[in-house]
Amino acid sequence: MKKILFVNACVRGESSRTLRLAKVFLNELADALPECEILEQDLTWMGLRSVDMQALVRKEALCDQHAWDDPLFAPTLQFQQADLVIIAAPYWDMSFPSILKVWVENMYVRNLTFKYFNDQSVGLCKGREAVYITTAGSPIGEYDWGTGYIRDVMKVLGIPGFTAIKAEALDLAGRDVNEIMAEAEKQARIQAKEVAQRLEQCSSATR
Ligand SMILES: Cc1cc2nc3c(=O)[nH]c(=O)nc-3n(C[C@H](O)[C@H](O)[C@H](O)COP(=O)(O)O)c2cc1C
């Protein structure tokens with residue numbers, strides 16, 4: 001059974017347009033992969049903590065011991081073992097809400113999601129693909145730091161495939177929000193089918 005992790009950084013909860021777009025993607029994916037298991041990490045409620053000095057010392061000691069049964073690593077294990085990771089976050093301040101950076105800090109676990117080998121960092125995540133879903137008030141244009149950062153984090157942690165789905169310019173006067181969202185939702189359905197197909201092909205190739 002395919003394990004899919006949905007990382008929900010949509011701070012505005014049910015009012016979030018990013019979450020609405022993510023749900024369209026997830027529903028289409030679930031239709032295409034009826035046997036998959038979708039786990040959600042709702043960052044608003046998980047209480048993930050940013051890493052301070054004390055937490056860092058403890059974390060590094062646990063990494064040395066490969067103590068993966070420590071509760072600190074429960075979300076990281078879900079991430080490391082997921083076949084597909086879907087992240088949804090609104091475009092805030094040229095990237096995304098800070099809670100998503102805190103999540104990234106928690107996903108960087110030496111010897112679990114990456115290791116040092118031959119003077120290099122090598123990704124250890126099982127997944128082959130990640131999807132990043134965002135919506136923005138204005139056109140994102142060249143300032144797409146959120147998408148670029150998440151794509152690179154996934155790559156470094158061992159997840160090479162990356163798809164971005166966006167709805168932009170939603171807060172500009174005179175724009176037809178329903179039309180922009182409808183087009184993004186159409187793209188989300190198309191991408192979900194394609195991602196599902198690749199996941200199926202990947203499992204038949206490894207059978
Ligand atoms: C705190 C905050 C920061 C934002 N920063 C930006 C920004 O830098 N650029 C932009 O185009 N829109 C920005 N926006 C607008 C949001 O990207 C836009 O409204 C988005 O659709 C919100 O997504 P949501 O409905 O999922 O919350 C910001 C909104 C908020 C609340």
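Applying a length cut-off of 18 Å (Cα extent along the axis) and a mean Kyte-Doolittle floor of 0.0 to the DSSP H helices of the chain leaves 17-32. Compute the separation of the alpha-carbon centres of region 9-40 and region 141-205 and state it in Å as a whole number. Distance between centres, Cα-based: 12 Å. Rounded to whole Å, the principal axis extents of the Cα atoms in region 3-206 read 56, 42, 31, largest first. Dipole orientation for region 3-206: of the candidates C36, V109, S98, V109 has the Cα lying most toward the positive pole (charges on Cβ; Lys, Arg +1; Asp, Glu -1). Cross-link reach is defined here as a Cα-Cα straight distance under 14 Å, omitting same-chain residues fewer than 8 places apart; for K23 the aspartates and glutamates meeting it are E14, D31, E40, D42, E185. In this rough spin-label picture, where each label sits 7 Å from Cα along the Cβ direction, the L48-E105 distance is 1.1 nm.
Taking 18 Å as the straight-line reach from the Cα of K59, the lysines in range (excluding those fewer than 8 positions away in the same chain) are K101, K115. Once every Cα of region 24-76 carries one equal point scatterer and solvent is ignored, give the base-10 log of I(q)/I(0) from the Debye formula at q = 0.23 Å⁻¹, two decimals. So the normalised log intensities work out to -0.92.
Using helices alone, I'd like the mean residue ellipticity at 222 nm for the chain: each DSSP H run of four-plus residues gives -39500 (n - 2.57), total over residue count, nearest 500. Could you put the intermediate results ahead of the total?
Numbers: 7 runs with 93 residues, N = 207.
Taking each H run of at least 4 residues, the total per residue is -14500 deg cm²/dmol.
Annotation: extensible slack from Q197 through W68 equals 43.2 nm (criterion: 0.36 nm per residue apart, minus Cα-Cα distance).
Ranking request for peptides 49-56, 67-74: highest mean number of other beta-carbon atoms within 10 Å first, then the rest in descending order. Each step should come with its number before you reach the end.
Values: 49-56: 10.5, 67-74: 13.8.
Highest to lowest by the protection proxy: 67-74, 49-56.
At 7 Å along the Cα-to-beta-carbon direction for both W145 and F117, put a label point, then send me their distance in nm to one decimal. Label-label distance for W145 and F117, simple model: 3.3 nm. Computing FRET efficiency as 1/(1 + (r/R0)^6) for L172 and E37, where r is the C-beta to C-beta distance and R0 is 35 Å, gives about 0.35.
No value in this document is a laboratory result; all are computed from the given coordinates. Just so it is clear, the structure is predicted and the values come from calculations on it, not from any experiment. Note: ideal-geometry Cβ built from the backbone for every residue, glycine included; neighbour counts use all protein chains shown.
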